[in-house]
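Asker: Structure below; questions to follow.
Bear in mind that the values in this text are calculations on the coordinates, not laboratory data. Remember, predicted model here, so these are calculated numbers, not experimental data. Neighbour counts run over all protein chains shown; Cβ positions are idealised from the backbone, glycine included.
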Ligand SMILES: [Zn+2]
């Protein structure tokens, strides 16, 4: 890779079009994998895991087409597993090219891919012990050794600079909000002496976060691939600050503990910052806040190492960091976690897993759910049939929840803090497009449920008078053909 500030002009003639093939995140929100074929070479934008229902997860076991050994490079928008989590399997299947992304994305991938391999090993072990899998022995999709190998292929790129790949085309990373390191990716190709640019939005954030800086739009592009997660929805306009203060205050008044199941990356840092902000404003008292998650602690360190990704006006680095609540503690060992379980309130405990499907939060819930003075507060999306969703929707009416093979009575308060999504909603996505000075001629809407993709595609087609393509299933398109014919 050579780096330069000027837009690079290639010296040889090219005549080929660019082929774009959506292999995943087509009519669904996971398995982001988009193939870009240029001058007969394969490149992949994102290499994500399919997650959620079993029918989707099973796709991770299928052999990747085309053969990963034929893929020259991977470009990653960000570290979430639905965008990066297939990489170790990709390595196992023969990929040996480079993986380009921001430094923040590399730092988070170290944490998230290692955790992913660890959970897969635990699942396989559990399946073998209980013989509940139809495959015996059940095997993990990949191992920690494969994670370590694939991490050696990473090559971080500076943002907002043009870099040349294989002497053939240029790439630029543009801050997209969402989480630390997240970027849109702009690729520039030379097609018959004309520069054509193709932008992948990646997951787009918004400017209401207390931690991550809002997204930047590209200057211009000829074709755009945009995510549609909230393409047909608006986030609830509630005051998250006020709501959190109310819930915290009534819990503390009861002498209770506020238990927050949180995702290590993003949501944990946002919650810590919110608590500190409310303390500084005198809206909640200063009580001990325990981060009971080694993984979230590592993710917080990565967050602090990338000040460029932060909201301005508040320093999250150094001793003066305004990220941490006044009485902040981290519990790393399982002994410390056990001690935290026994602590008397008022207290805040933040522990994973975010959807309560495992992790240290289970111990806290098991111990405290039977007591009405405590509160469990959901701050993130709870997937269908997760324990979190059950607790959120049914546990109060049904009266109990099963944790570690025991029925636990649910007397504690169950609350939800909405509107903390790291994704922009419909209005944010429209605003992001409207800030592109030279609008694309074609827009591909992917990464969403079918209804979201369809509605979003129609709406942007109408409002910007741009040809749009709802990507509802895996399929390929040809871009930038000289004669103007648009084969699909
Ligand atoms: Zn994401």
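Asker: I'd like to compare 463-476, 214-227: which one has the highest average count of other Cβ atoms within 10 Å, and what's the full order after that? Don't jump to the answer; show the numbers that get you there.
Answerer: Details: 463-476: 15.9, 214-227: 21.8.
Order by mean packing, descending: 214-227, 463-476.
Asker: By how many degrees, between 0 and 90 and to the nearest 10, does the Cα long axis of helix 267-280 differ from the longest principal axis of the chain?
Answerer: Helix 267-280 and the main axis of the chain meet at about 60 degrees.
Asker: What share of the DSSP beta bridges in the chain is antiparallel, in percent to the nearest 5?
Answerer: 50 percent
Asker: Once fully extended, how much extra length lies between residue 330 and residue 61, figured as 0.36 nm per residue of separation less the alpha-carbon to alpha-carbon distance?
Answerer: Computed gain between residue 330 and residue 61 is 93.1 nm.
Asker: Once you compute Rg and the Kirkwood Rh from C-alpha atoms, what is the Rg to Rh ratio for segment 389-488?
Answerer: 1.24
Asker: Another question, then. If one takes the longest principal axis of the Cα atoms in the chain, at what angle in degrees, from 0 to 90 and to the nearest 10, does the Cα axis of helix 240-253 lie?
Answerer: 20 degrees
Asker: Next up: Placing one identical point scatterer on every Cα of segment 142-275 and ignoring solvent, what is log10 I(q)/I(0) from the Debye formula at q = 0.11, 0.13, 0.17, 0.18 Å⁻¹?
Answerer: For the requested q values the scattering log ratios are -0.62, -0.79, -1.07, -1.13.
Asker: For the chain, take the longest principal axis of its alpha carbons; what is the angle in degrees between that and the long axis of helix 450-464, to the nearest 10 within 0 to 90?
Answerer: Its long axis makes an angle of about 60 degrees.
Asker: What length, rounded to one decimal in nm, is gained on full extension from residue 343 through to residue 280, with 0.36 nm per residue of separation minus their alpha-carbon distance?
Answerer: Extra length available between residue 343 and residue 280 comes to 20.2 nm.
Asker: Percentage of Cα-Cα pair distances in segment 230-322 greater than 14 Å, rounded to whole percent?
Answerer: Considering segment 230-322, 72 percent of its Cα-Cα pairs are separated by more than 14 Å.
Asker: Sticking with this structure for a sec: Rounded to whole Å and ordered largest first, report the semi-axes of the equivalent ellipsoid of segment 292-414 derived from its Cα gyration tensor (root of 5λ).
Answerer: Result for segment 292-414: semi-axes of 30, 17, 13 Å.
Asker: For the residue pair residue 98 and residue 434, what label-to-label distance in nm results when each label sits 7 Å from Cα along the Cα-to-beta-carbon direction?
Answerer: Reported label-point gap for residue 98 and residue 434 is 3.9 nm.
Asker: For the chain, what is the mean residue ellipticity at 222 nm derived from helices alone (per DSSP H run of n ≥ 4: -39500 (n - 2.57); sum divided by total residues; nearest 500 deg cm²/dmol)?
Answerer: It comes out at -8000 deg cm²/dmol, rounded to the nearest 500.
Asker: Which order, highest average first, do 265-277, 433-445, 335-347 follow once you tally other Cβ atoms within 10 Å for each residue and take the mean per peptide?
Answerer: 265-277, 433-445, 335-347
Asker: Eigenvalues of the Cα gyration tensor times 5, then square-rooted: what semi-axes does that give for segment 194-237, in whole angstrom, largest first?
Answerer: In descending order the semi-axes read 25, 14, 7 Å.
Asker: Work out, step by step, the length gained on full extension between residue 246 and residue 384: first 0.36 nm times the residue separation, then minus their alpha carbon distance; give nm to one decimal.
Answerer: Values: separation 138, 0.36 × 138 = 49.68 nm, distance 2.76 nm.
Extra length available between residue 246 and residue 384 comes to 46.9 nm.
Asker: Rounded to the nearest 0.05, what FRET efficiency is calculated for residue 119 and residue 407 with R0 set to 25 Å and r the Cβ-Cβ distance?
Answerer: Calculated value: 0.50.
Asker: How would you rank 307-319, 48-60, 18-30, highest first, on the average number of other Cβ atoms within 10 Å across their residues?
Answerer: Going from most to least packed, we get 18-30, 48-60, 307-319.
Asker: Calculate, in whole percent, how much of the Cα-Cα pair population of the chain lies beyond 32 Å.
Answerer: 42 percent
Asker: Residue 131 to residue 397: FRET efficiency via 1/(1 + (r/R0)^6), r the Cβ-Cβ distance, R0 30 Å, to the nearest 0.05?
Answerer: My answer for the efficiency is 0.30.
Asker: Suppose we look only past 19 Å in the calculated P(r) of segment 110-195. What percent of the Cα-Cα pairs does that tail hold?
Answerer: Values: 2239 of 3655 pairs.
In whole percent, the share of Cα-Cα pairs in segment 110-195 beyond 19 Å is 61.
Asker: Once you treat every alpha carbon in segment 11-133 as an equal point and sum by Debye, what is log10 I(q)/I(0) at q = 0.09, 0.12, 0.19, 0.21 Å⁻¹?
Answerer: -0.28, -0.48, -1.08, -1.26
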